[in-house]
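See below for the structure under consideration.
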Amino acid sequence: MAKAPLKTAKSNRPRTIEPFEIDIKTLNEEGIGIGTRDNKEVWVAGTLPGEKVLATRENEGQYRIIARLQKILVAHPRRVAPPCRHARDCQGCPLLQLNYSEQLNFKQEKLRHAFSSYANLKDLQINAIAAAPEPLAYRTTAKLVFAKNRGRVQLGLYRRGTHEVVNIGDCPLHHPLLNQVAGVVREEVQRQNIFVYDPRTGRGLLRYLTIKVAPESAKVMVTFITSERNYRELNPLAKWLQRKVPEVVSVHQNVNTSSGNVIFGRETHKVLGLPDLITRIGEIRLRISPTSFFQVNHSQAAAIYALVRQWAGLRDDEHALDVYCGIGGIALHLAKDAGRVTGIEILEAAVQNARENARLNHIDNCNFQAGDSLELLRRHISETKPARMVVLNPPRSGCDKPVLEAAAALHPRMLIYVSCNPETLARDLDILHGCGLRAEMVQPVDMFPQTAHVESVARLRPLKEEPRTRS
């Protein structure tokens, strides 16, 4: 009688991941190197076109392989040594290893490509991108996540495509005070053994940390985002932070009880110090609250505001409309020249900030309205003397078509569109052309060096220009 074959025990050793060579052909919209293997796209962060690299699979789907860079075999001629020891793990700055002038070329081409498929935009003038005066240490805001790994507190960013937190204590893009605060907080949370939130169990206190710096005054606002209201541990932590970093003038606690990955919850409480952070952008002082959005690159934001004001060329008898106005940065700059400026924003907290900023700058010809952009635009259409100059500054998703139609229905003598996404900008400029407004010029601005993002300002005029008379 034959014996049954012996069963071999399964090995507990991890499966060996074999590295493979791949030629990088191009960069995608995110600045990630792309090659092909087995008829699939292979994404390898940290690589550049023309390079041959050694990589290992991290994830494989039906059409795409996500791979991790192991070694550069043939380098791009403009590759530079990235000024960051976390570059390969963090992957938050995919262009960090590319010479800065080549980064600008990539972004210029990205913009041209976005417009190329729209016949209405074929004659559009695209100016040379405005380079950042400081390609490093420009970020004045950081949003960091807490985690714990093998008993050690982590405070940093998620590595691209994972929930693994990479400690960020010396990020070259951050203002030095951001790095200093992050380092002190991580050290003290470890020392005090404060319970860090674990999204898998829903237990723990500390979820996120936001840090905002006013670079002209070197003052800092810090907000701890927690899973519940807490006094016992947050107050001593805040006092210790202020002793270690005297530039911290404001500490808040935001309570986020949700199980999702939204950073801020609805409740914000001051722990110590000032209620807001006051900074300056161009000619305007701005009061920034713990949860308000603001541009992370102050010098480039100032350049954009100045350009919008210059292009607008407002007179003291004209009314301007700033849609998606946020805390009022653009509107308040326009108010220096206009007879009247109205800012529209859906977030009530941002509108409250904008009103406070108008008072802070002693500007009384600027008012702000909270509500749905489309609804408020339609109200302005029915005004006896509607706005003749309109600014749109939407989020990355751009504007809904009815909003564009309503803005065009005001028959503005000029519309200025500030965008952080070339694809949605091109789409919306094409829609506006169908509404009677022709895009004549785009000025790209490098707001986010070392990343693939590019900010742009577009100027539109009526297809049939009307004479400009005083009303």
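When the test is whether a residue is within 18 Å of I263 (Cα to Cα) and assigned by TED's automatic domain parsing to the domain that holds L237, L177 does not pass it. Going by what's in this entry, would L104 be described as at pLDDT 95 or above, aliphatic (A, V, I, L, M) and either in a strand (DSSP E or B) or under 30 Å from L429 (Cα atoms) (or both)? Answer is yes for this residue. Could you tell me whether region 188-208 includes any residue that is under 30 Å from A81 (Cβ atoms) and not charged (D, E, K, R)? No, region 188-208 has no match at all. Does region 167-190 contain at least one residue that is among the β-branched types (V, I, T), over 20 Å from the mean Cα position of the chain (by Cα) and surrounded by fewer than 22 Cβ atoms within 10 Å (Cβ to Cβ)? Yes - at least one qualifying residue is present in region 167-190.
Entry remark, region 115-170: residues being over 30 Å from A426 (Cβ atoms) and not in a loop (DSSP other than H, G, I, E, B) number 15 in total.
Among what's in region 216-237 and is basic (K, R) and within 14 Å of F195 (Cα to Cα), pick the residue that is surrounded by the fewest Cβ atoms within 10 Å (Cβ to Cβ). Restricting to residues being basic (K, R) and within 14 Å of F195 (Cα to Cα), the top hit is R232.
The requirement of being over 18 Å from V391 (Cα atoms) and polar (S, T, N, Q) is fulfilled somewhere in region 280-289, by at least one residue. Just give me the residues in region 421-458 being under 18 Å from V323 (Cβ atoms), of a type outside the set (A, V, I, L, M) and surrounded by 20 or more Cβ atoms within 10 Å (Cβ to Cβ), in sequence order. Those that are under 18 Å from V323 (Cβ atoms), of a type outside the set (A, V, I, L, M) and surrounded by 20 or more Cβ atoms within 10 Å (Cβ to Cβ): N421, D428, E455, S456.
Screening region 73-106 for residues that are among the aliphatic types (A, V, I, L, M) and without any contact (Cβ under 8 Å) to a residue 24 or more places away in the chain and picking the one that is surrounded by the fewest Cβ atoms within 10 Å (Cβ to Cβ) gives A81.
Let's see how each residue does on (1) polar (S, T, N, Q); (2) in a loop (DSSP other than H, G, I, E, B); (3) farther than 30 Å from A458 by Cα; (4) at pLDDT 95 or above:
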residue: A55; (1), (2), (3), (4): no, no, yes, yes
residue: N59; (1), (2), (3), (4): yes, no, yes, no
residue: L69; (1), (2), (3), (4): no, no, yes, no
residue: R85; (1), (2), (3), (4): no, yes, yes, no
residue: D89; (1), (2), (3), (4): no, no, yes, no
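The strands (runs of 3 or more DSSP E) found wholly in region 368-471 and carrying at least 1 residues that are in contact with a Phe, Trp or Tyr (Cβ under 6 Å, 6 or more places away or on another chain), more than 30 Å from T47 (Cα to Cα) and of a type in the set (G, A, S) occupy 455-462. Per the listing A407, A387, the residue uniquely modelled with pLDDT under 95 and either within 20 Å of L332 (Cα to Cα) or touching a strand residue (DSSP E or B) at 6+ places or on another chain (Cβ under 7 Å) (or both) is A387.
F195 fulfils the conditions (1) surrounded by fewer than 18 Cβ atoms within 10 Å (Cβ to Cβ); (2) within 24 Å of R287 (Cβ to Cβ); (3) of a type outside the set (S, T, N, Q) except for a single criterion, (2). Of all the criteria given as (1) modelled with pLDDT under 95; (2) out of contact with any Leu (no Cβ under 7 Å at 6 or more places or on another chain); (3) under 30 Å from F224 (Cα atoms), the one not satisfied by I288 is (2).
If you take the residues of region 128-166 that are under 27 Å from A218 (Cβ atoms) and among the hydroxyl-bearing types (S, T, Y), which of them is surrounded by the fewest Cβ atoms within 10 Å (Cβ to Cβ)? Here the residue is T141.
The values are calculated or read from the model by the stated rules, or taken from the named source; none is laboratory data. Computed from a prediction, not measured in an experiment: that's the story for all the values here. Reconstructed Cβ throughout: ideal geometry from the backbone, glycine too, with neighbour counts over all protein chains shown.
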